[in-house]
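Q: Would you mind keeping the following structure in view while I ask a few things?
The values are calculated or read from the model by the stated rules, or taken from the named source; none is laboratory data. Since this is a predicted model, take the numbers as computed values, not measurements. Ideal geometry is used to build each Cβ from the backbone, glycine not excepted, and the neighbour counts take in all protein chains shown.
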Amino acid sequence: MDKTIAIIMGAAVLPDGRPSTTMRRRVEAALILRDEFKDVIYIPTGGKVENRMHSEADVMQNILLHAGIHSEQIFLEAESKNTLQNVSNSARIIRQFPSSSKVIVCSDTYHILRCRLLLYLLGISTIYRPMPSGKKTSGRIRWIYCYIREAVAIPVNVLLLLILKYYRKV
């Protein structure tokens, strides 16, 4: 049976263990998908950072559970430290499902292109769904910085992924 798979890209966990505004926005975007698609699988991504007690994926899982998502619909990717690892580890999970599954990246608009491109290079096709913008909460300067960071990260991540694929590390 076809599944809809929502990859929720990691975002910061606050020092007290609460989700950041960015994380909450990404999870809420993923939750909206249950209104459009019948059978949604959620892949919250992101490992543990420094002194935090919980991984990003763990915190997102708690939000999903509190929103009424059943635990068997959630597949954690709690090992990654960056976008390339998020995508690579998520691709391993996605391959457990039929190839006809719909895969949707839940992230900020500036980040979706890189995630979709990396998934494509890993043989995972995705479909686009608009995501809520964080521009108002982040501010214009931060938003511009994020787009500039993506402009640099895209070619770097593509090159790294191609090298890893060449040496069969992904």
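Q: Filter segment 34-61 down to residues that are part of a helix (DSSP H, G or I) and farther than 22 Å from Ser88 by Cβ, then give me how many there are.
A: Number of matching residues: 3.
Q: Mind listing whichever residues of segment 112-170 are among the aliphatic types (A, V, I, L, M) and exposed (fewer than 13 other Cβ atoms within 10 Å of the Cβ)?
A: The answer is Ile127, Ile141, Ile148, Ala151, Val152, Val156, Leu159, Leu162, Ile163.
Q: For segment 68-85, name all the residues that are surrounded by 13 or more Cβ atoms within 10 Å (Cβ to Cβ) and under 16 Å from Ala30 (Cα atoms).
A: Residues satisfying the conditions are Ile69, Gln73, Ile74, Phe75, Leu76, Glu77.
Q: Name the single residue that is farthest from the chain's Cα centre (by Cα) among those in segment 46-66 being surrounded by fewer than 13 Cβ atoms within 10 Å (Cβ to Cβ) and over 18 Å from Gln85 (Cα atoms).
A: Top of the filtered list is Asn51.
Q: For a quick check of your reading: which helices (runs of 4 or more DSSP H) sit entirely within segment 99-166 and have at least 3 residues that are modelled with pLDDT of 95 or more?
A: Here the list reads 109-121, 140-166.
Q: So which residues in segment 21-40 are exposed (fewer than 15 other Cβ atoms within 10 Å of the Cβ) and of a type in the set (Ser, Thr, Tyr)?
A: Thr21
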